[in-house]
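**Student:** Submitted below is the structure of interest, expressed as C-alpha cells.
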Amino acid sequence: MAVWFAGSREGGADVEIRAAKYSATDDAWGQEQVLATRSTTETAVNKHIRKLGNPIIALTPNNRLWLFYVSVSVGGWAGSAINAAYSDDLGESWSAPRQLVTTPFINISTLVRGTPVFHTDGGIGLPVYHEFLGKFAEYLYLDSEGYVIDKFRISRGKHSLQPSIVPLSPTRAVALLRYAGDGPQHVLASESNDGGRTWSRPRAVDPNNPNSSLAAVASPDHGLLVALNDLTDGRYRLSLYGTNSRMTLWQPLIQLDQSPDPEGNPFTPEVYREIIGDKFMRSSGSQRGGLLEQYLGHLDQRVCSDSGCEFEYEYPYFIRSQDGLYHLVYSWNNSFVKHVSFNEAWLKEQLQ
C-alpha cells in the first residue's frame with residue numbers, strides 16, 4: 001500500500017491524503033482512495049486545519065498498519081503537527097486520526113517523512129524533524145498504541161531535516177539526513193548504539209545531494225541501499241547506491257530515473273510532451289495508458305515554466321518487505337507516484 005498527498009498544489013486547501021493498494025497476484029495498482037481530508041481531520045482532532053501533507057505508512061510485525069501525516073492549523077509547514085491513525089484489517093477500515101503530543105510549545109513544528117522503526121518491545125521509533133526557529137532532526141519513541149513516550153535529538157542547528165533511519169541490530173542504527181545549509185551539498189550521517197537514545201554528531205558523507213529528500217534500507221550484507229538525487233543542484237536524476245554500514249564506501253548501482261538532458265536543462269513543451277509520453281508508457285503500460293492524453297493535456301506550472309519544461313524525480317520512500325522484496329516509491333515529475341521493486345538476485349547482479 002502506498003500513500004501520498006494530492007491536490008492542485010502543495011499546501012492547497014483541496015489537498016487530500018490518498019492511497020492505493022498493489023496486488024502482487026495481478027501485478028497492478030488498484031484505484032486510489034481518500035484516507036483523510038481537511039474536514040475529516042478537523043472533526044477528529046477538534047481544531048481548525050489549514051492544510052495537509054507528508055503522509056507515511058508502515059506495517060508493524062503484528063500486522064497493524066500505521067498512517068502518519070502532517071497537518072497545519074496556523075502558518076506554514078513550521079506550524080505542523082503529526083496525526084496518527086491505524087488499521088487492523090490491512091487498510092480496509094481506519095481508526096479516527098489523533099494528534100501526537102510532541103512538544104509543550106503549543107504542539108507545533110514537528111513533521112514526519114521517514115520510515116518508522118519497530119522495536120522488539122513493541123514500541124515505534126518515528127523519525128521526525130523541526131522547521132521552527134531552526135531545522136533539526138529527532139527520534140520519537142512511541143508505545144505500541146502510538147502515544148509518545150520520549151524523544152531524542154539526532155541533530156541540532158538550522159541545517160538538517162527529514163532523517164531516514166536504518167536499524168542494523170537491536171541496538172545500532174544509522175540516520176541519513178537531508179542537508180539544508182550552505183556550502184557543499186552532501187548527505188549527513190549520524191549513528192546510535194543504544195537503541196536511538198543518543199546519536200553521534202552528524203557528518204557529511206558521499207555522494208552529493210542538493211538539499212533533497214532521500215530514503216535508505218538495510219541490505220543483506222549489513223550495509224545500506226540509498227535512493228537519492230546524487231546531484232549538486234536540481235532533482236532531475238534519482239539514483240540507487242549501495243554503501244557499507246560505516247558509510248565510508250559508496251557504490252552507484254543504477255540510475256532509477258533521469259532527464260534526457262545530462263545537465264537537466266528544460267525542453268520546449270512540444271519536445272517535452274513527446275519524451276515524457278514515451279517515459280510514461282514505458283513505466284505504466286496499458287493499465288495506465290488511458291491517462292496519457294489527459295496528463296499531456298494538463299501540463300502546468302508543476303513541470304513547465306516560461307523557460308521550458310523539466311524532469312523531476314524526488315521524495316523516495318523505501319522498504320524491504322517480509323518476503324525479501326525491495327519496494328521503492330517516489331514522486332515522478334510532480335504528477336504521479338512511481339513504484340520500483342526488485343529482489344536479492346537483481347541486487348547481487350548490480351553489486352557485482
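Okay, residues lined up against (1) outside the structural domain of W346 (by TED's automatic domain parsing); (2) assigned to a strand (DSSP E or B); (3) at pLDDT 95 or above:
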residue	(1), (2), (3)
P184	no, no, no
V187	no, yes, yes
E191	no, yes, yes
S212	no, no, yes
V217	no, yes, yes
D230	no, no, yes
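**Student:** Find the residue count for segment 128-184, including only residues that are polar (S, T, N, Q) and in contact with a Leu (Cβ under 8 Å, 6 or more places away or on another chain).
**Tutor:** Selection size over segment 128-184: 4.
**Student:** Additional query: Among the residues of segment 302-315, are any of a type in the set (V, I, T), within 26 Å of P116 (Cβ to Cβ) and either surrounded by 13 or more Cβ atoms within 10 Å (Cβ to Cβ) or not assigned by TED's automatic domain parsing to the domain that holds A345 (or both)?
**Tutor:** Among the residues of segment 302-315, not one is of a type in the set (V, I, T), within 26 Å of P116 (Cβ to Cβ) and either surrounded by 13 or more Cβ atoms within 10 Å (Cβ to Cβ) or not assigned by TED's automatic domain parsing to the domain that holds A345 (or both), which makes the answer no.
**Student:** Kindly evaluate A175 against the criterion of being within 17 Å of the chain's Cα centre (by Cα) and farther than 20 Å from G125 by Cα.
**Tutor:** no
**Student:** Here is a follow-up. Looking only at residues in segment 193-213 that are touching a residue at least 24 places away in the same chain (Cβ under 8 Å) and of a type in the set (S, T, N, Q), which one is surrounded by the most Cβ atoms within 10 Å (Cβ to Cβ)?
**Tutor:** N209
**Student:** In addition: With the condition kept exactly as written, say whether any residue in segment 250-263 is touching a His at 6+ places or on another chain (Cβ under 6 Å), in the same structural domain as P210 (by TED's automatic domain parsing) and either within 30 Å of W346 (Cα to Cα) or in a loop (DSSP other than H, G, I, E, B) (or both).
**Tutor:** So far as segment 250-263 goes, no, none of its residues is touching a His at 6+ places or on another chain (Cβ under 6 Å), in the same structural domain as P210 (by TED's automatic domain parsing) and either within 30 Å of W346 (Cα to Cα) or in a loop (DSSP other than H, G, I, E, B) (or both).
**Student:** So, one more: Is there any pair with a first residue in segment 302-324 that is free of Cβ contacts under 8 Å to residues at least 60 places away in the same chain and a second that is buried (at least 16 other Cβ atoms within 10 Å of the Cβ) and assigned to a strand (DSSP E or B) whose Cβ atoms are under 9 Å apart and which are 6 or more apart or on different chains, and what are they?
**Tutor:** Here the result reads V303/C309; G308/F267; C309/F267; S321/L59; S321/H327; Q322/L59, each pair linking segment 302-324 to a residue that is buried (at least 16 other Cβ atoms within 10 Å of the Cβ) and assigned to a strand (DSSP E or B).
The values are calculated or read from the model by the stated rules, or taken from the named source; none is laboratory data. Everything numeric here is computed off the predicted structure, so don't read it as measured data. Using ideal geometry, Cβ is built from the backbone for each residue, glycine included, and neighbour counts are taken over all protein chains shown.
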